[in-house]
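As structure tokens, the structure follows; a few thoughts come after it.
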Amino acid sequence: MPLEATRSSSQAAGLALGANSPVGIFDSGLGGLSVLRAVRAALPDERLIYVADSLYAPYGERDDDFIADRTLAIGEWLIAQGAKALVVACNTATAQSIAQARERMSVPMIGVEPGIKPAALMSQTRVAGVLATAVTLRSARFQALAERHATDCRFILQPGHGLVQAVERCDIDSPELIELLRSYIQPMLDANADTLVLGCTHYPFLDKAIRSIAGDRLALIDTSVAIARQLERQLDLHGLRAAPSHAAELPRFCSTSDGQMQQQLVASLLGLDVHVERVVIPSRRTLALES
């Protein structure tokens, strides 16, 4: 089927959904909670389902086929749960899989990408750091984005090895974490960077730790608010915006792992006392792993 025909059928299927259906948000783990936080603030009337694929996190250490396989499986699971739109709240999954997923999914999809453009516009020294997973940094999507905006701005690219795992275990301020972050950030400061792109949805939860190292020397670029605005535009475009409600509904939280760390992080960072459902979302690659 031609690509444009596929997109047209997907849009028609999305329009068939009710405006009161939920929005699905998913990430390899807990980082997408930073996006969920922004979506709740911008769109308080929307019902939300959040899936953390924590059993297989971090995606940044997986191969491209595995990432695409999980992105498609979780997206299809969320649509089966009634999701009217999907937010791929993972830079790695967006970089490697969203083009393929958009051809397959029957609802509007919003991805995330590092804030290269706002960093290039904001930097006064014309030097900006980018902290992201290795998979994101090597992806063709990221490289094309960087090339478009790096004409007069130097970007220092730093893989954030170990940072996703730290957030996943709710470590956002230990001495060991601070020293790891310092090893990534100090070379940027030494190179006169004045801006830091947080190129993974886990990293906004490290804001205070980064500030303890860099103080006010780095402006931090977090695209969560921009993602929420893009979701708002897509819902309006497709006539899927939820009607105003007097009783805000708590998000439904799901995890492919036991959900204990997700529950702790939701409580400490979002101030919500919630139950996390353990869900099974099989896919071609995970079935192969388990056989």
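The values are calculated or read from the model by the stated rules, or taken from the named source; none is laboratory data. The structure displayed is predicted, hence computed values, not measured ones. Note that each Cβ is placed from the backbone with ideal geometry, even for glycine, and that neighbours are counted across all protein chains shown.
Output the residues belonging to the stretch 1-20 that are modelled with pLDDT of 50 or more and surrounded by fewer than 20 Cβ atoms within 10 Å (Cβ to Cβ).
As a first pass, look at the stretch 1-20 and keep what is modelled with pLDDT of 50 or more: 16-20.
Ala16, Gly18, Ala19, Asn20, listed by residue number.
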(request) Go through Ile185, Ile178, Ile156 for me and flag whichever is at pLDDT 95 or above, assigned to a helix (DSSP H, G or I) and closer than 21 Å to Phe142 by Cβ. (result) Ile185
(request) Would you mind telling me which numbered condition in (1) assigned to a loop (DSSP other than H, G, I, E, B); (2) touching a Gly at 6+ places or on another chain (Cβ under 9 Å); (3) of a type outside the set (Phe, Trp, Tyr); (4) modelled with pLDDT under 90 Val112 fails? (result) (4)
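Identify, please: which residue in the stretch 225-236 is in contact (Cβ under 8 Å) with a residue 60 or more places away in the chain and either out of contact with any strand residue (DSSP E or B) (no Cβ under 9 Å at 6 or more places or on another chain) or among the aromatic types (Phe, Trp, Tyr) (or both) and is, among those, farthest from Arg40 (Cα to Cα)?
Just the residues of the stretch 225-236 that are in contact (Cβ under 8 Å) with a residue 60 or more places away in the chain, to begin with: 225-232, 234-235.
Those still in the list that are either out of contact with any strand residue (DSSP E or B) (no Cβ under 9 Å at 6 or more places or on another chain) or among the aromatic types (Phe, Trp, Tyr) (or both) too: 225-226, 229, 232.
Working: Val225: 10, Ala226: 13, Arg229: 11, Glu232: 11 Å.
Here the answer is Ala226.
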(request) Check off (1) aromatic (Phe, Trp, Tyr); (2) modelled with pLDDT of 95 or more; (3) part of a helix (DSSP H, G or I) for Phe205 and give me the number that stays unchecked. (result) (2)
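Being assigned to a helix (DSSP H, G or I) and surrounded by fewer than 24 Cβ atoms within 10 Å (Cβ to Cβ) is the filter here, so list the residues in the stretch 78-101 that pass it. Show your work before the answer.
Keep residues of the stretch 78-101 that are assigned to a helix (DSSP H, G or I), which gives 78-80, 91-101.
Scanning the stretch 78-101 gives Ile79, Ala80, Ile98, Ala99, Gln100, Ala101.
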(message) Ala193 - would you say it is assigned to a loop (DSSP other than H, G, I, E, B) and either out of contact with any strand residue (DSSP E or B) (no Cβ under 8 Å at 6 or more places or on another chain) or not acidic (Asp, Glu) (or both)?
(response) yes
(request) Scan the stretch 119-146 for residues that are in contact with a Cys (Cβ under 9 Å, 6 or more places away or on another chain), buried (at least 22 other Cβ atoms within 10 Å of the Cβ) and assigned to a strand (DSSP E or B) and jot them down. (result) Ala128, Leu131, Ala132
(message) Quick check on my filter: what residues within the stretch 64-99 are within 15 Å of Cys200 (Cα to Cα) and without any contact (Cβ under 8 Å) to a residue 60 or more places away in the chain?
(response) Thr94, Ala95, Gln96
(message) Please go through the stretch 34-61 and give me each residue that is assigned to a loop (DSSP other than H, G, I, E, B) and under 15 Å from the mean Cα position of the chain (by Cα), ordered by number.
(response) Asp53, Ala57, Pro58
(message) Yes or no: the stretch 266-282 includes at least one residue that is small (Gly, Ala, Ser) and at pLDDT 95 or above.
(response) no
(request) Assess whether Thr201 counts as being assigned by TED's automatic domain parsing to the domain that holds Ala42 and buried (at least 16 other Cβ atoms within 10 Å of the Cβ). (result) no
